[in-house]
Amino acid sequence: MTGKEVLNLIRALREKGMSAEEILEIIESVESHSPAEDGRKQNN
């Protein structure tokens, strides 16, 4: 995702009532997870 797409996602999640802490937890989880861990191929 581009930086702009990330910002748009964060704005949308905030509008739905998600806290900054919850958003950061999701980002941390996604960024620390390798697609190989669950056997899926990464689309590049």
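The values are calculated or read from the model by the stated rules, or taken from the named source; none is laboratory data. Please read all numbers here as calculations on a predicted model, not as lab measurements. Note: ideal-geometry Cβ built from the backbone for every residue, glycine included; neighbour counts use all protein chains shown. These accessible areas exclude ligands, DNA and RNA; they are computed on the full protein's heavy atoms, side chains included. Shrake-Rupley method; radii C 1.70, N 1.55, O 1.52, S 1.80 Å.
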Original post:
What is the distance, in nm, between label points placed 7 Å from the Cα along the Cα-to-Cβ direction at ARG14 and at SER32?
Top reply: 2.4 nm
Original post:
When the solvent-accessible surface of protein heavy atoms is calculated with a 1.4 angstrom probe, in what order do GLU21, GLU5 fall, highest first?
Top reply: GLU21, GLU5
Original post:
What are the ³J(HN,Hα) values, in whole Hz, obtained from phi via the Karplus relation 6.51 cos²θ - 1.76 cosθ + 1.60 with θ = phi - 60°, for each residue of the stretch 10-16 in sequence order, with x given for Gly and Pro?
Top reply: 4, 4, 5, 5, 5, 4, 7
